[in-house]
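Step one of this worksheet: look at the structure below.
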Amino acid sequence: MDISVYRPGELTAADRAAWTSIQSKAHLQGAPELGNPFLSPEFALAVGRCRRGVRIAVVREGGEPVAFLPFQRTATGVGRAIGLGVSDAQGVVHRPGFTFDARELLKACGLAVWEFDHLVDGQTAFAPAATDSFPSPVMDVDQGYDAYLAHLRARAPKFTRTTLAKERKLARDHEDVRYVHDERDPAALRILMAWKSAQYRRTGRSDRFAQEWITRLVEQLFHTRSDSFAGVLSVLYADGKPVAAHFGLRSERILACWFPAYDPAFSKYSPGLVLHLRMAEAAAADGIAHLDLGRGQKEYKDSLKTRELTVSEGWVTRRHPVAFGHRARRAPVRALRNTVQSRPELFEPADRLLKRMGRIRSGRT
């Protein structure tokens, strides 16, 4: 097994094609999770244009590429999953039957530690290093939208009936209600990012779009399109203007949901939920197997899901002082966050406090 590490710009067209080919066949070979667009070369290369320290390890057997691991590293050898903090799927993209030693891979990459927070299933070499696992809800549409809607009606009849009724009311109360699945107008993307920033501030969360590199990354991915990958902006319009929007990433079979938001002035119509149903309908017609709603406890995800995947977080470490120091700093923060999020008696007051702080920060009482 030969392992080479490249800067993003050094990856050859042949290697990129091999990477994409592994992803496109993954669902046929019992590893559909490897087809996630966050695991694609396009995502890794886009992050490489926005962040320092991005590298791609290519594992070859008999001169042929059999596995790819994109990662970010510091000068001291601290490694992180590519796009850690915004990436919803992480791991090694590999051919069927490929096995490796995690610490041998880290050594070849010049890493003392590799941190992940959305490790997909099937990563057997990394799995022992996981400290926690979390559900990642999905909306299955591989049998068509009608089948999905029938499942939703059976599992959550009141939710489905109410959401569809609100969509009809929106159409009665406003003109020109329409849905665009793949909106190419950059102005609509700017509106979405402004809504999302306001939502982060209103709820007391850290504003991701206040980080210039995340804004650049989203803008680059919006303009990235190929047969196997695209940034997709979906918009629900009323009265000729956006009332809800979502930006996510599409591979051949998966639409990864990423940044949804809506105009609060239309909140009584639940436009975000209406938008997700329209996304499911269009994705099914486009040959998508499922929409991945991403890790995180949200009521709307529980309402829309058909099942759950599992993602994990943790650290793979070598016996190295840098690894011990990094884990010692990061572990208490993660443990506290996960404890609060998993226990309603802690999460609910913490959530109320964050929202109160958000109102104060926004000048509202």
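The values are calculated or read from the model by the stated rules, or taken from the named source; none is laboratory data. Because the structure is predicted, anything quoted here is derived from the model rather than measured. Note that we place each Cβ from the backbone using ideal geometry, even for glycine, and neighbour counts take in every protein chain shown. Surface accessibility is based on the protein's heavy atoms, side chains included, excluding ligands, DNA and RNA. Shrake-Rupley method; radii C 1.70, N 1.55, O 1.52, S 1.80 Å.
Is there a residue in region 121-129 that is under 23 Å from residue 271 (Cβ atoms) and either in contact with a Lys or Arg (Cβ under 6 Å, 6 or more places away or on another chain) or polar (S, T, N, Q) (or both)?
Let us first name the residues in region 121-129 that are under 23 Å from residue 271 (Cβ atoms), namely none.
No: zero hits.
Quick one: which helices (runs of 4 or more DSSP H) sit completely within region 1-119 and have at least 1 residues that are farther than 22 Å from residue 211 by Cβ, modelled with pLDDT of 95 or more and polar (S, T, N, Q)?
It comes to 13-25.
Among the numbered criteria (1) touching a residue at least 12 places away in the same chain (Cβ under 8 Å); (2) more than 30 Å from residue 314 (Cα to Cα), which single criterion is violated by residue 131?
Condition (2) is where residue 131 drops out.
Restricted to region 291-326, and to residues that are within 21 Å of residue 113 (Cβ to Cβ), open to solvent by 20 Å² or more (accessible area, probe 1.4 Å) and of a type outside the set (A, V, I, L, M), which residue is modelled with the lowest pLDDT?
It comes out as 324.
In region 278-319, what count of residues is obtained for those that are touching a Pro at 6+ places or on another chain (Cβ under 6 Å), of a type in the set (D, E, K, R) and within 30 Å of residue 102 (Cβ to Cβ)?
1
Residues checked against (1) farther than 22 Å from residue 241 by Cα; (2) modelled with pLDDT under 95; (3) among the basic types (Lys, Arg); (4) open to solvent by 30 Å² or more (accessible area, probe 1.4 Å):
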{"site": "184", "(1), (2), (3), (4)": "no, no, yes, yes"}
{"site": "192", "(1), (2), (3), (4)": "no, no, no, no"}
{"site": "202", "(1), (2), (3), (4)": "yes, yes, yes, yes"}
{"site": "211", "(1), (2), (3), (4)": "yes, no, no, yes"}
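How many residues are under 19 Å from the mean Cα position of the chain (by Cα), closer than 22 Å to residue 37 by Cα and part of a helix (DSSP H, G or I) when one looks only at region 179-211?
Total satisfying the criteria: 6.
Residues in region 20-48 that are open to solvent by 10 Å² or more (accessible area, probe 1.4 Å), in contact (Cβ under 8 Å) with a residue 60 or more places away in the chain and under 25 Å from residue 107 (Cα atoms): how many?
1
Please state which one of 165, 125 is open to solvent by less than 50 Å² (accessible area, probe 1.4 Å) and in a loop (DSSP other than H, G, I, E, B). Talk me through it step by step, then tell me what you get.
On the way: 165 fails: in a loop (DSSP other than H, G, I, E, B).
Exactly one residue qualifies, and that residue is 125.
Considering only residues that are open to solvent by 20 Å² or more (accessible area, probe 1.4 Å) and more than 11 Å from the chain's Cα centre (by Cα), which ones fall in region 250-273?
The answer is 252, 253, 260, 262, 263, 264, 265, 267, 268, 270, 273.
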